[in-house]
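What follows is a set of notes on a single structure, which appears directly below.
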Amino acid sequence: MHQARFVTFSEEGTREVGRQIGELLVPGSVVCLFGELGTGKTVFVKGLASALGIEEDEVTSASFVIVAEHHGRIPLYHIDLYRIGSREGLSTTGIEEYLPSDGITVIEWAERLGDTAECMIMVYLKEIDYNKREITVSGDEDLLKGLKKGRATQ
């Protein structure tokens, strides 16, 4: 399994890591995001969406709708499991139809899935300081081999 680590110093840096990953994704890709509140998961998704030709302003936290669909050169299905408190609650969301799908599926709070076998790419976001984030990306080596490793300093 391929792994890359980034340190970002702003929201723009976190978006840039999302953009880099978005440029590598293909239809059927499932990206799972892990991290506490405020670590930049939705900011990361905004960057990923921009790589797909989706306006970043369209992407907001999907917490209240569970699944938000966005249409760019490849459809983006943004799933936010924050409000799901149990595996029983997960079964009523209908997210199975997005795993995998004709587009790219991004799941925030993916630890609530229980089984992450569908995750082709796992992204762990950790707050180091107010604007400083550590982002660790792991997943399919062929899919991520073009990822620029290192520090995103924007």
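Just so it is clear, none of the values below were taken in a lab; they were calculated from the coordinates. Remember, it's a predicted structure, so these values are computed and weren't measured experimentally. Quick reminder, even Gly has a Cβ in these numbers, built from the backbone with ideal geometry, and neighbours come from all protein chains shown.
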Output the antiparallel fraction of DSSP beta bridges having both residues in the chain, as a percent to the nearest 5.
-> 55
Using 16 Å as the cut-off for backbone N distance, which residues of the range 97-126 belong to the label zone defined by a point 7 Å from the Cα of E69 along Cα→Cβ?
-> 97-106
Between the alpha-carbon centers of the range 25-59 and the range 91-122, tell me the distance in whole angstrom.
-> 13
Taking the chain as the reference, fit the longest principal axis to its C-alpha atoms, fit the long axis of helix 11-24 to the helix C-alpha atoms, and give the angle between the two in degrees, 0 to 90, nearest 10.
-> 70
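Would you mind computing Rg(Cα) / (2.2 N^0.38 Å) for the range 2-152, counting N as its residues?
Working: Rg = 14.0 Å, N = 151, 2.2 N^0.38 = 14.8 Å.
So the range 2-152 has a normalised radius of gyration of 0.95.
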Each label sits 7 Å from Cα toward the beta-carbon; between L99 and K126 the label points are separated, in nm, by 2.5
Give the angle, between 0 and 90 degrees and rounded to the nearest 10, that separates the Cα long axis of helix 41-51 from the longest principal axis of the Cα atoms of the chain.
-> 80
